[in-house]
Amino acid sequence: MIEGAIHPRYRGAVTEQLQLVELLDFRPDEGIIRLHEQRVVILSAAAMGLLRKELIDTLGIETARCLMLRFGFADGYHDAVSLRDRSSSADSIEAFRTGTVVHSLEGIVRVDLTSIEFDQESGRFEAHESWHDSYVAEQHVHHYGTVDQPVCWSLAGYASGFASACFEREIYFQETSCIGQGEPVCTVVGKDALSWGAAVEGLRLDFHGANLGREVERLRAAVRRQLHDLSRRERHLETRERELDVLRARIARQTEANHFIARSTAMQDVLELAARVAPIDTTVLVYGESGTGKEFIVRMIHDQSSRASAPFVSVNCAALTETLLESELFGHVRGAFTGASRDKAGLFEVAGHGTLFLDEIGEVAPTVQAKLLRALQEREIRRVGAERTLKVHARVVAATNRDLKNAVARGTFREDLYFRLGAFVITVPPLRDRREDIPALVHEFVRRAGIRVKKDVKTVSAEAMTALINYEWPGNVRELEHAIERAVILAHGSSVTVRELPPEISQRKRSAGVGGPLNLRSQERDLIQRALERYKGNRKRAAEALHISTVTLWRKMKEYELTA
C-alpha cells in the first residue's frame, strides 16, 4: 500500500486501499503482465532515458518535446478510460486521485496532490501537484545536465490526458519548476482550457497541433541538404588538397634547384605564402632582417609567376644617391643633367612585362617615393627631363629590413606608398627563430665551401654544432655561410671543430660552458624535441634532419628523457 502518495485531505476510501497487486495481473506461464486489462511491459529507467536521448539528438529538442507530450497524453487518456470502465464509482475527482496513485505505483514519479478544485456547472478545473523522484528528470540530467526549462514532458502529457478523460473536458498540465532545472521537486499546475486564457492556443499546438510526421520529414530534408552541403565541401577540400600538393611540389622543386634549406615550419609557411601569391599579379612586400633570404623569396615569386619568361630586374635602393636612383628607375633623356649624353631607359622599362625588385625600399628619398607611388597607381612613368609619359607593365616586388610602419609614423615614409607596396606582406623569420634549420644549413654550407676552396671537409663536430645552434646570428643565414666558409678554410682535418669558428661564436661557447652548461643542454634538448614533434616521432627522419645517426639520437633521447 502506498502511503503519502496523495495529500492526506484528499485520500479517499478507494485510493487508500489501492495496491499494486490489485492492478497487475501476472501470467508468468504466458510471459504476460496486464494492467487494468491492457498488456504492459517492464522497462528500465535507463533504457527509457536512452530512447529519450536518441529522440532529442535525432529530432531536436522541440520536436522531441512535442512527441513526448503527445505520447504521455495518449497513455494517460487510455489509462483513465480503462480505470473508469473497471470502477463502479462515477466520481471524477476520485477517479483522478486514483490515477495519481497509479502513476506512483508504476514507479514513474511519486505524486503529491496538494489541491484540486472542480466546478461541474462552469467546468472550471484547477489542480496543483508536486512530483518527487521523477525518473524522466533524473535521466535528462544524467545525459544533459541541468537545463533552463522543465523536462518532464511525458509526465505532463500523462496528467493532461488522464484528467481530460476523467472530467470529460479539455485539461492541460504544465510544469512550473522541475528537478531538471536543479529544483528539489517538480511543481505542476493543471487547468481547463478556458482557465489557461490566451496560452491555451500554444498548449493545443503542442499537444494536438502540427503533424509530427511532416515535421520529421522536414528534418530529414534538412539533414539531406546538410549532407549535400557537406559532400560539396568535402569535394572542395579534396580539390584544395590537390592544389596544395601541387603547390608544395613546386616549392620543393624550387628550393631543391636553388639548394635552399627550409626545414622549419616557419620557413615552410613563408615559402607557401610566396608560392600562393606568385601567380596573382599584385605588389608584394618582403620584410626580414638582413641576410634572411629575402632575395630568394622574391626570385621564387618571379619564377613561379606568369612573368617567369620575362626579365627579372633588381636594384638596391640603398646603394644609390637620390638623383642616381631616380635616373636608374625612370630613365632620362639627353641633356637632362650634366653627363646625360644620350637617352637612357629606366629599370621600369627594362623590366618590360617582367618583375622589378626594389631592394631596401625603406631607404628611398621622399621625392622618389612620390614618383614611385605614381608609377604604381597610374602604371606610367616620366623619364628625367622628358615631357611625355610612358606606360609601364612590370610587376613590382619590394624588400626591406626596416619597420616601414614605424617609418610611416615618424614621417620618413609615405603612408600611401606603404599601403600600395604592402598589398601582400611576407615576413621572413630571422635564423634565431628557426634554429631547426641550422644543422641542415651548416652541412650544405660545408659542402659548398669544401668544393669552393678545394678541401676535403665533410663534417662538423658535435661541440661546434652546439655552438652554432646557440649563437644568436645577427647577420642570419649570410653570416652563417661566411662563418662556415672561414671554418672550412681553417680546418686541419675532415671535420670542422669549435676552434675554427669565428671568435664571437667559439668564445661564446666557451663562456657558456663555464657559466651555464645547462642552457646549452636545454637548447639541444629543445632542438631534438622539436625535430621529433615535426616528424611525428619518426626517429630516422628526425635524425636525418639533425644530421646525426639514429644511434646518437637514441642516446640523446635517453639522456634528456625524451620519448617519440
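The values are calculated or read from the model by the stated rules, or taken from the named source; none is laboratory data. Worth saying up front: this structure is predicted, and the values here are computed from it rather than measured. Here the Cβ positions follow ideal geometry from the backbone for every residue, glycine too, while neighbour counts run over all protein chains shown.
Figures for the structure shown
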quantity: Index of the failed condition, residue 291 passing every other in (1) surrounded by 19 or more Cβ atoms within 10 Å (Cβ to Cβ); (2) in contact with a strand residue (DSSP E or B) (Cβ under 9 Å, 6 or more places away or on another chain); calculated: (2)
quantity: Residue check, residue 459 assigned by TED's automatic domain parsing to the domain that holds residue 497 and among the hydroxyl-bearing types (Ser, Thr, Tyr); calculated: yes
quantity: Residue match in segment 109-126 (condition: hydroxyl-bearing (Ser, Thr, Tyr), within 28 Å of residue 169 (Cβ to Cβ) and crowded, with 17+ Cβ neighbours inside 10 Å); calculated: no
quantity: Selection from segment 470-484 of residues that are surrounded by fewer than 17 Cβ atoms within 10 Å (Cβ to Cβ) and in a helix (DSSP H, G or I); calculated: 478, 482
quantity: Residues within segment 105-126 that are closer than 24 Å to residue 140 by Cβ and of a type in the set (A, V, I, L, M, F, W, C), tallied; calculated: 5
quantity: Selection count where residues are under 19 Å from residue 294 (Cβ atoms), assigned to a helix (DSSP H, G or I) and modelled with pLDDT of 60 or more, scope segment 243-264; calculated: 0
quantity: Residues satisfying the stated conditions in segment 469-486, i.e. closer than 20 Å to residue 523 by Cβ and out of contact with any Pro (no Cβ under 8 Å at 6 or more places or on another chain); calculated: 470, 471, 472, 474, 475, 477, 479, 480, 484
quantity: Which numbered condition residue 180 misses (of (1) surrounded by fewer than 23 Cβ atoms within 10 Å (Cβ to Cβ); (2) in contact with a Ser or Thr (Cβ under 8 Å, 6 or more places away or on another chain); (3) among the small types (Gly, Ala, Ser)); calculated: (1)
quantity: Single unsatisfied condition, residue 370 versus (1) under 30 Å from residue 353 (Cα atoms); (2) in contact with a strand residue (DSSP E or B) (Cβ under 7 Å, 6 or more places away or on another chain); calculated: (2)
quantity: Of the criteria (1) in a helix (DSSP H, G or I); (2) closer than 24 Å to residue 152 by Cβ; (3) modelled with pLDDT of 75 or more, which one residue 270 fails; calculated: (2)
quantity: The one condition in (1) in contact with a strand residue (DSSP E or B) (Cβ under 9 Å, 6 or more places away or on another chain); (2) farther than 22 Å from residue 384 by Cα; (3) not β-branched (Val, Ile, Thr) that residue 300 fails to fulfil; calculated: (1)
quantity: Filter result for residue 492 (more than 35 Å from the chain's Cα centre (by Cα), outside any helix (DSSP H, G or I) and modelled with pLDDT of 80 or more); calculated: yes
quantity: Segment 391-450, subset acidic (Asp, Glu) and surrounded by fewer than 19 Cβ atoms within 10 Å (Cβ to Cβ), residue nearest to residue 351 (Cα to Cα); calculated: 416
quantity: Hits in segment 107-151 - residues which are among the small types (Gly, Ala, Ser) and under 20 Å from residue 51 (Cβ atoms); calculated: 107, 134, 137, 145
quantity: Residue among 69, 83, 59 that alone is free of Cβ contacts under 8 Å to residues at least 60 places away in the same chain, more than 15 Å from residue 129 (Cα to Cα), surrounded by 17 or more Cβ atoms within 10 Å (Cβ to Cβ) and assigned by TED's automatic domain parsing to the domain that holds residue 167; calculated: 83
quantity: Neighbours by Cβ (under 8 Å, 6+ apart or cross-chain): first from segment 151-174, touching a residue at least 60 places away in the same chain (Cβ under 8 Å); second of a type in the set (Lys, Arg) and surrounded by fewer than 24 Cβ atoms within 10 Å (Cβ to Cβ); calculated: 153/65; 157/70; 165/84; 166/84
